[in-house]
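The values are calculated or read from the model by the stated rules, or taken from the named source; none is laboratory data. Computed from a prediction, not measured in an experiment: that's the story for all the values here. Reconstructed Cβ throughout: ideal geometry from the backbone, glycine too, with neighbour counts over all protein chains shown. Accessible surface is based on the protein model in full, side chains and every heavy atom, while ligands, DNA and RNA are left aside. Shrake-Rupley method; radii C 1.70, N 1.55, O 1.52, S 1.80 Å.
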Amino acid sequence: MYRVTGRTRRGPGGPRVQRAGAPGAVAGKPTGRPVPPVVLALRRLPQPRLTGLGAGLFASAVMLTLGFLDRLLLDGSPVVYGLLFLPVSALTALWVRAADLVTAPIAVPIAFAVGVVPIAGGTGGFGGQAMAVVTALAVHAGWLYGGTLVAGLIASVRKVREMGRRQHLVRTAAASAPAAGGASAGTSAGASPVAGEAPGAGGRGPASGGRTPRRRPVG
């Protein structure tokens, strides 16, 4: 495959042909800085857009599953549960849609409370389980606040970026509107008839510059 890259110095108008894979071939704009591998890995992750209710159900289901696994495999380790709560909070804030960003910091603490039930270790019926859950939430409040803070920060950054994107679109539309108006005005001015020209075909009439024939007397 060959590509025309410009004019040669020998001929005034002769194009110079180079191979597309050659080192000196022009490949368009420069690529700029290389993208870090961490950013590339994050871009490969799925990016669903969940509603507020969907984000809450997702976080609650994941944390409940992790709570049962923690109880079965690690005998209800609160440290492991808290560490797993942080990435779940981040994913919830990343995957919720832009219109429901405010629900991410609200859904995350609810999911933490739902998932802590299997590792709370309460006995004695509903009352005992409720007291165990409240105690676990009070003891492990640090993990709860940490995950909520992560979700709030990610949601805030996404909200600021969304507002900046909207302002950029508004500015672009406002800048392109006068240019489009000037182009349409120029087109309409070029299509208007010349002053002094008669509307009739062939330049007939008084405005065409012709003389009116005089009548001869009959006699």
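So which residues in the stretch 47-62 are open to solvent by less than 50 Å² (accessible area, probe 1.4 Å) and of a type in the set (Ser, Thr, Tyr), if there are any at all? Hit for the stretch 47-62 is Ser60, nothing else.
Do you know which of the residues in the stretch 31-64 that are β-branched (Val, Ile, Thr) and closer than 23 Å to Arg97 by Cβ is modelled with the lowest pLDDT? Ranking the candidates gives Val39 first.
Do we have any residue at all in the stretch 17-30 that's modelled with pLDDT of 50 or more and open to solvent by less than 80 Å² (accessible area, probe 1.4 Å)? No, there is no match, as no residue in the stretch 17-30 is modelled with pLDDT of 50 or more and open to solvent by less than 80 Å² (accessible area, probe 1.4 Å). Residues in the stretch 130-143 that are closer than 24 Å to Phe58 by Cβ and without any contact (Cβ under 8 Å) to a residue 60 or more places away in the chain: Val133, Ala136, Leu137, Ala141. The criterion of at least 1 residues that are under 15 Å from Gly147 (Cα atoms), without any contact (Cβ under 8 Å) to a residue 24 or more places away in the chain and open to solvent by less than 10 Å² (accessible area, probe 1.4 Å) is met by none of the helices (runs of 4 or more DSSP H) wholly inside the stretch 63-121.
Scanning the stretch 143-168 for residues that are closer than 15 Å to Pro105 by Cβ and among the small types (Gly, Ala, Ser), we see that the one that is most open to solvent (accessible area, probe 1.4 Å) is Ser156. Please determine whether any residue of the stretch 111-122 is modelled with pLDDT of 85 or more and either among the polar types (S, T, N, Q) or within 28 Å of the chain's Cα centre (by Cα) (or both). Checked the stretch 111-122: at least one residue is modelled with pLDDT of 85 or more and either among the polar types (S, T, N, Q) or within 28 Å of the chain's Cα centre (by Cα) (or both).
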